[in-house]
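Throughout, read-outs are computed from the coordinates displayed, never taken from laboratory work. Fair warning: this is a prediction, and the values are worked out from it, not measured in the lab. Positions of Cβ are generated from backbone atoms using ideal geometry, with glycine treated the same way; all protein chains shown enter the neighbour counts.
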Amino acid sequence: MSKDCGKLDELGNRSDPPYPKKLDKIIHLFETLPEDERRETIVSYAENAKKQEPRPGEKFDLEDVRKDEECMDTVGVYLHVDENGKAQIRMTLGPEVQTLTRAMTAILCKGLEGCTPQEILDLPSDFVTRIVGAELVRIRSQTIYYVLTRIKGICKVYLDRQRMAVA
Amino acid sequence: MATNPTQYAHPEALVETDWLEKHLEDDGIRIVESNEDVLLYDTGHIPGAVHIDWRADLQDPVIRDYITPEKFAALCGMNGITPDTTCIFYGDKANWWACYALWAFRLFGHEKVKILNGGRDKWKAEGRPITKEKPSYPKTSYTAPKKRFDKEIRAFADEALAQSKSKKPLIDVRSPGEFKGEITHMPEYPQEGVLRGGHIPGAKSMPWKTATKEDNTFKSAPDLAKIYFEQCGVKPDVDTVVYCRIGERSSHTWFVLTYLLGLDNVRNYDGSWTEWGNKVGAPIEKGA
């Protein structure tokens, strides 16, 4: 287990810290913000989502670009796992993707840096409302979970392929 | 009222982007943004525009209904709106929520309402000014309306049923798949399913988008007349009910029928399919 991520005990309970360190910091930041500033910070993350796009020359182990029914536009997820087993996630978002979904993209790409694909796959999704706040999680804004699902999806494919290669 | 109009019945209910850019600072108007994307306004909006959230501002926080006249008056007062203010609505999704907010304003008797033709997407595509600065207007005193005009422009489930039984025009503006009962949710929104799929018996399928052009502006009056008078069987002297899933897409069609074609007897069944498709014993037709 990486020191940046929480781990599961024998009963499947997550020990402290419950989330990857970087993500935990982001969660705590959002929880201390008054509502107005929380919204401003979410918008600021959303505006930085473009920085999570693949950079020239980067190579990936897996690429998954598609338009799903759950999301308004095409979303691309790119995964590279380095020699230490750490995942690097890059993402591309179509122009119709909602602001909250953009924000979650930037938050997750940053917050999951240094995690292994297995740690990402084990991540519970209950932190999302702690970041976004209950007021913004409502009908027509539920795609906030979509990005996490896609990131977990690509990690699962990666791990399945690794296991098959070993078998 | 002509069923073969050459122009909109109420052309004054639409403003064009070019006109609005030249009148941003006019007295007596308030530009109102209403979106599906709850944070879109915060990312930038038309200078001077206020944000009215269809969910947080217009709907009761607990019961599935709209706010009280007193709360509406307070909302208007907070945004510097008086009963004489002309509210120009615009938003994302081809003005779904702008039309919804406009319809809600009419529920409270606010008559001076307009739509920005083409909405937010057209404004942005044309490179017109956008700002993050949130305006602040002197608070106004808006007298609470004596009543909500539910009876005039809103239909409830029993009224939709009566409409169906009497075979009066009932227009389902959802996607064809939803109408046929092939899917129990709107395309792109699988998390918003209902228990049963199909449509209210006797309803005609006419997706809301049929009324718009590629740039989200409304089609011409003759084109709209063909769609609704000829294809949907809407008649000026017979009342019409429109519905979708939660009332936003049907607000768009309600605007078209009321303002662009000039019908004065159109009601929006805002309970729509999320009510009907979950309602025990409600009759349902499937297929085209």
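Here are the numbers:
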{"item": "Straight-distance crosslink candidates among aspartates and glutamates, where the alpha carbon sits under 19 Å from residue B:139 and sequence neighbours closer than 8 are dropped", "result": "B:25, B:26, B:27, B:33, B:53, B:57, B:70, B:84"}
{"item": "Bins of 5 Å from zero: percent of alpha-carbon pairs in chain B", "result": "1, 6, 12, 17, 19, 17, 14, 9, 4, 1, 0"}
{"item": "Alpha-carbon centroid distance for the pair the range B:59-115 / the range A:79-113, whole angstrom", "result": "38 Å"}
{"item": "In Hz, Karplus ³J(HN,Hα) per residue of the range A:113-126 (6.51, -1.76, 1.60; θ = phi - 60°; x = Gly, Pro)", "result": "4, x, 8, 8, x, 5, 5, 5, 4, 7, 5, x, 9, 6"}
{"item": "Helix-only mean residue ellipticity at 222 nm for chain A, each DSSP H run of n ≥ 4 adding -39500 (n - 2.57), per residue, nearest 500", "result": "-13000 deg cm²/dmol"}
{"item": "Angstrom value of the Kirkwood radius, inverse mean 1/r, which spans all Cα pairs in the range B:11-149", "result": "15.0 Å"}
{"item": "Estimated [θ] at 222 nm from DSSP helical runs (n ≥ 4, -39500 (n - 2.57)) normalised by residues in chain B, nearest 500", "result": "-6000 deg cm²/dmol"}
{"item": "Residue-wise HN-Hα coupling along the range B:88-93, computed from phi with Karplus coefficients 6.51, -1.76, 1.60 (Hz; x: Gly, Pro)", "result": "10, 9, 8, x, 7, 6"}
{"item": "Gyration tensor verdict on the range A:67-132 (Cα atoms; rounded if a/c is under 1.5, prolate if a/b is larger than b/c, oblate otherwise)", "result": "oblate"}
{"item": "Phi-based couplings in Hz for the range A:24-30 (Karplus 6.51, -1.76, 1.60; Gly and Pro marked x)", "result": "4, 4, 5, 4, 5, 4, 5"}
{"item": "Amide H partners (placed H, <5 Å) of residue A:81, local residues excluded", "result": "A:61, A:88"}
{"item": "5 angstrom amide H check on residue B:14, placed H, neighbours 5+ away", "result": "B:115"}
{"item": "Amide H within-cut-off set for residue B:29, under 5 Å, with H built and near neighbours excluded", "result": "B:86"}
{"item": "Cα convex hull of chain A, projected area averaged across orientations, nm²", "result": "10.7 nm²"}
{"item": "Local net charge near residue B:223, Cβ-Cβ under 15 Å (Lys/Arg +1, Asp/Glu -1)", "result": "+1"}
{"item": "On Cα atoms only, tilt of B:96-107 relative to the major axis of chain B in degrees", "result": "90 degrees"}
{"item": "The range B:154-276 - Debye-derived log10 I(q)/I(0), Cα point model, q = 0.12, 0.18, 0.23 Å⁻¹", "result": "-0.39, -0.89, -1.40"}
{"item": "Summed side-chain charge close to residue B:207 - residues other than residue B:207 whose Cβ falls under 10 Å, Lys, Arg +1, Asp, Glu -1", "result": "+1"}
